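J.: Have a look at this one before I ask anything.
The values are calculated or read from the model by the stated rules, or taken from the named source; none is laboratory data. Because the structure is a prediction, the values reported are computed rather than measured. Using ideal geometry, Cβ is built from the backbone for each residue, glycine included, and neighbour counts are taken over all protein chains shown. Note: areas computed on protein heavy atoms with side chains; ligands, DNA, RNA excluded. Shrake-Rupley method; radii C 1.70, N 1.55, O 1.52, S 1.80 Å.
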Amino acid sequence: MNTILIIGGGASGMAAALAARERLDCRVVLLERQSRVGRKLLATGNGRCNLTNRSAAPGRYHGENAAFAVPALERFGVDDTLSWFSSLGLRTRTEDGSGRVYPLSDAAASVVDTLRLALEARGVETRCGFEASRVTRTETGFAVEAAPGGSRDGSDRGDTIRGDRLIVACGGLAGTRLGGTKSGYELLESLGHRRTRLCPALVQLRTDNAWTRAMKGVRTQAALTLTQGGGVIAQAAGEVQFTDYGVSGPAVFDLSRAAAAAGDGCVLTLRLLPELAEDDIMQYLTAKQADFPNYKAEYLFTGALHNAIARVLLRRTGISPEAYLWALDESALSRLADAAVRFTLPVTGTMGFDGAQVTAGGVRTDGFDPATMESRLVPGLYACGEVLDIDGDCGGFNLQWAWSSGRLAGTSAARTEDGP
């Protein structure tokens, strides 16, 4: 009986373990450094676990060779994922418009518990508190050595576990407070693989907060453009949330990968009221002035924008909120319309790997076979999930990659020498 070792009890590691265990002649041992599996998964989707997206397609993924993800995504796509979860007892619902899929309970714990119970029911040996510090090749496979010195819960550190095949599913550096680590990169590098530069992705942006602080907690729809040196490097649209350090929200997350990679000198421009052209906004303001001449300027955007945003636009254009609308000339209204469609914020950085939901970059995919996830350098070695140089857009795409790549790695590692 072959023994398959899997390092990492996150989404891709659990998917790999369950796939491998479908071959009953395989012993599967899942090694997790934390006290329980799926800890990072509990925090996804603001605790709701956006487990996939109906729009998952190769174009939503990034990396030096994003096409590497295609075979895994085609072999185990969204419909396969939802059927698989349904077979495990998880019920889901799709959010209208966005294609995001959540557990029916709206609780990430439902997803984690479903996977944990499936691991137990299918006989996967789960060893938590095991922090893999070294991997070596043996005559028959691999030896995984745990860090010496004992752990807080007194389990397994210092042990060495041997297996015939090895899957590295350690995740990436993102979410360091929840267990993000470099260990997967280091273990694969020790076996001859190389990695790309690592950047935080799906992360909040730090900006000049002189304006955003006054709108802390306010959410709005906007079209976003990220520029550097006058050139456009990324665009997105959707919900933005203002914070005391800058901006957050799904639209910001979609730009954050480009911002982190570009470095200094980026400027973020928000087009507020994105469904309206600048002339339409000007007409709206002119009509408001004509209809309510004796109202104060602070009410000029009432019904169109949050009051906190309206007050900031007035301050940015030098218009007193106490000024009466009848006293505003065409130039003042034009400045306000311009500020609404070109609300600029110099970017000073990101919230880093602590705040990031995913890592951009990772172990180079040219060292692996996309059809099996097996190493081209070390037979019997596989990798899946975030540890590889593949990352997706915001909205469930990264978890779909975890399920797809994990399943492919698990089924490939469990195959017999003479069979599928």
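J.: Set the Förster radius R0 to 41 Å, insert the Cβ-Cβ distance between Arg376 and Leu104 as r into 1/(1 + (r/R0)^6), and round the FRET efficiency to 0.05.
T.: 0.50
J.: What spacing in nm lies between the two simple spin-label points modelled at Glu120 and Asp80, each 7 Å away from Cα in the Cβ direction?
T.: A separation of 2.9 nm, rounded to one decimal place.
J.: Please list, in order, the residues from segment 184-225 whose amide nitrogen is less than 17 Å from a point placed 7 Å along the Cα→Cβ vector of Arg137.
T.: The answer is 187-194, whose backbone nitrogens lie closer than 17 Å to the label point.
J.: Turning to a different aspect of this structure: Check which residues have an amide H placed less than 5 Å from Leu388's amide H, if you skip close sequence neighbours.
T.: The list, which skips near neighbours in sequence, is Val363.
J.: Quote the convex hull volume per residue of segment 223-356, based on C-alpha atoms, as a whole number of Å³. Mind dumping the intermediate values first?
T.: Details: hull volume 14.6 nm³, N = 134.
In segment 223-356, the Cα convex hull volume per residue is 109 Å³.
J.: What's the local net charge at Arg54, with K and R +1, D and E -1, over the other residues with C-beta under 10 Å away?
T.: -1
J.: Something else: Give me Rg over Rh for segment 46-137, both radii from the alpha carbons and Rh done the Kirkwood way, two decimal places.
T.: 1.04
J.: At what distance in nm do the modelled label points of Val232 and Phe292 sit from each other, each positioned 7 Å from its Cα along Cα→Cβ?
T.: Result: 3.4 nm between the two label points.
J.: What does the convex hull of the alpha-carbon atoms of segment 291-389 project to on average, in nm²?
T.: 11.1
J.: What 222 nm value per residue comes from the helices of the chain, counting each DSSP H run with n ≥ 4 as -39,500 (n - 2.57) and dividing by all residues, nearest 500 deg cm²/dmol?
T.: -9000 deg cm²/dmol
J.: For segment 75-126, which whole percent of the accessible surface, found with a 1.4 angstrom probe, sits on carbon and sulfur atoms?
T.: Of the solvent-accessible surface of segment 75-126, carbon and sulfur hold 44 percent.
J.: Next question. Taking every eigenvalue of the Cα gyration tensor of segment 1-100, multiplying by 5 and rooting it, what semi-axes result, largest first, whole Å?
T.: Values: eigenvalues 122, 63, 47 Å².
Rounded to whole Å, the semi-axes are 25, 18, 15.
J.: Right, next: I'm spelling it out carefully: the read-out is log10 I(q)/I(0) by the Debye sum over Cα atoms at q = 0.11, 0.12, 0.14 Å⁻¹, the candidates are [x] -0.81, -0.92, -1.15; [y] -0.94, -1.03, -1.26; [z] -0.81, -0.97, -1.35, and one was derived from this structure. Which label?
T.: Here the calculated entry is [x].
J.: Treating only the Cβ atoms of Lys and Arg (+1) and Asp and Glu (-1) as charged, compute the dipole magnitude of segment 308-391 about its Cα centre; round to the nearest 20 debye.
T.: Working: 7 positive and 11 negative charges, 84 e Å.
So the magnitude is around 400 debye.
J.: Continuing with this model, one more query. Per residue, how large is the accessible surface of the chain? Use a 1.4 angstrom probe and give square angstrom. The partial results should precede the final answer.
T.: Working: 17700 Å² over 420 residues.
On a per-residue basis, the chain sits at 42 Å².
J.: Percent of accessible area on segment 263-420 owned by carbon and sulfur, 1.4 Å probe?
T.: 51
J.: For the chain, what's the relative contact order in percent, using C-alpha pairs closer than 8 Å and at least 6 residues apart?
T.: Computed value for the chain: 24 percent relative contact order.
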